[in-house]
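Bear in mind these aren't lab numbers, they're just calculated from the coordinates by the rules spelled out. As the structure is a computational prediction, the values presented were derived from the model and not from experiment. Positions of Cβ are backbone-derived with ideal geometry, glycine not excepted, and every protein chain shown enters the neighbour counts.
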Ligand SMILES: [Zn+2]
């Protein structure tokens, strides 16, 4: 990834100015302080909240983990209730002029940023004298609503208990969760908003093979996708995020689709006047519980809050964000290549098989999404089965005994077409090798 970091830009400008008039040229202006992400990475382990190592936590588990860090510099402002009566909490930190509102897990199965907000709350609570915490508290008032959709979190699903996607309820406000967020927004009229989500771990950066760890968006506030002063500020904060997250996920940051969605909270928050930033946590290698992306959110969000509280974001070039490649294609999880398909009662044929997991990070719930000559197909993993027969198990066959796409990935790869001498077994999870 090309980096266009600010310090180089400022030094470059300084080198070609200040030569007119008599006397020695003025000293170049000091570069603005670099993002403190190195320091945040160093202290992270000491402020990480224990008890959230499994990302499928529910409301009770989450607040049991976070409650020890409430009080002191972190105050509870208002409380609401979800459709099923779970508590929605609005917390705040700092007393500076610029108002910032962050909300997470509006989609119940998107918990990465809730974990990061827990760590940020602990950082504010345990380290109020840390220079970064002091700068934030002096320049900004930070409002947080972690886990906006606890009923969805209880089931680890996207929608709330009413079956509504809260992020499509910004106009009608039929969900208690959407109403709560809107009421907090209306009371605060925040200058900045952070809309915190997770996206599929299968998405790649642009046309590359690189997995998207983080996708960012400064959402459009109208159909024309104009860039006014407020959207430009959001883009500058997104550039801060790119710089701060780069040491952890460099080259794996993409830009989210910026089509205006007039029912979505992110877009309407922008239309209602907040400079809004969407952060989507995607996937990372060997990180099924998204703990690396949790840390990346912690470092990125605190760096962005610091830049907002100090005004330092205004020095950033929006192009750092704007030049990111978009989210690209979604790559299936597993390609089983080079085998001979042997459906009982049918002629054998050369066929590759492509599999997508319903729960990709856990590699569970495999389904067949394509069958045939898939020589150019890309997948996260490829298993060569040259010389082996692919024999579907009964669970994978339709009523007529045939194989089709969409069926559970249940089959064996064996040395003969009758399924003797099985080498690999697929039961909706990753291939199991047999002896
Ligand atoms: Zn979402």
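Given their separation in residues at 0.36 nm each and the Cα-Cα distance between them, residue 38 and residue 223 gain 62.7 nm when the chain is fully extended. Assuming R0 = 45 Å, what is the FRET efficiency of residue 171 and residue 400, from their Cβ-Cβ distance, to the nearest 0.05? My answer for the efficiency is 0.45.
Judged by the mean number of other Cβ atoms found within 10 Å, the most tightly packed of the peptides 249-256, 184-191 leads the ranking 249-256, 184-191. Ranked by the mean number of other Cβ atoms within 10 Å per residue, highest first, peptides 89-98, 377-386 order as 89-98, 377-386. Roughly speaking, what is the centre-to-centre gap between the stretch 134-170 and the stretch 364-435 when only Cα atoms are used, to the nearest Å? Cα centres, the stretch 134-170 to the stretch 364-435: 40 Å.
Relative to the longest principal axis of the Cα atoms of the chain, helix 112-126 runs at roughly 40 degrees. Between the stretch 235-275 and the stretch 61-119, the C-alpha centres lie 21 angstrom from each other. With the highest mean first, a sort of the peptides 65-73, 167-175, 427-435 on other beta-carbon atoms found within 10 angstrom per residue produces 167-175, 65-73, 427-435. Pairs of Cα atoms nearer than 8 Å and 6+ residues apart set the relative contact order; for the stretch 332-433 it is 27 percent.
Roughly what angle does helix 229-249 make with the longest principal axis of the chain, taking Cα atoms, 0 to 90 degrees, to the nearest 10? For 229-249 against the chain, the angle is about 60 degrees. Antiparallel beta bridges, as assigned by DSSP with both residues in the chain, represent about 60 percent of the total such bridges. From its DSSP helices (H runs of at least four residues, each -39,500 (n - 2.57)), the chain gives a residue-normalised ellipticity at 222 nm of -9000 deg cm²/dmol. Please identify which residues in the stretch 403-435 have an amide N closer than 14 Å to a label point set 7 Å out from the Cα of residue 348, following the Cα→Cβ vector. So the set is 413-423.
Going by neighbour counts of Cβ atoms within 10 Å, the residues 84, 399, 79 line up, fewest first, as 399, 79, 84. The mean sequence separation of alpha-carbon pairs under 8 Å and at least six residues apart, normalised by the residue count of the chain, gives a relative contact order of 14 percent. With angles folded into 0 to 90 degrees, how steeply does helix 291-310 sit against the dominant principal axis of the chain? Use alpha carbons for both and round to 10. Roughly 20 degrees, rounded to the nearest 10. Going from the residue with the fewest nearby Cβ atoms within 10 Å to the one with the most, 281, 417 rank 417, 281.
Using 0.36 nm per residue and subtracting the Cα-Cα separation, the extra length available between residue 381 and residue 285 on full extension is 33.4 nm.
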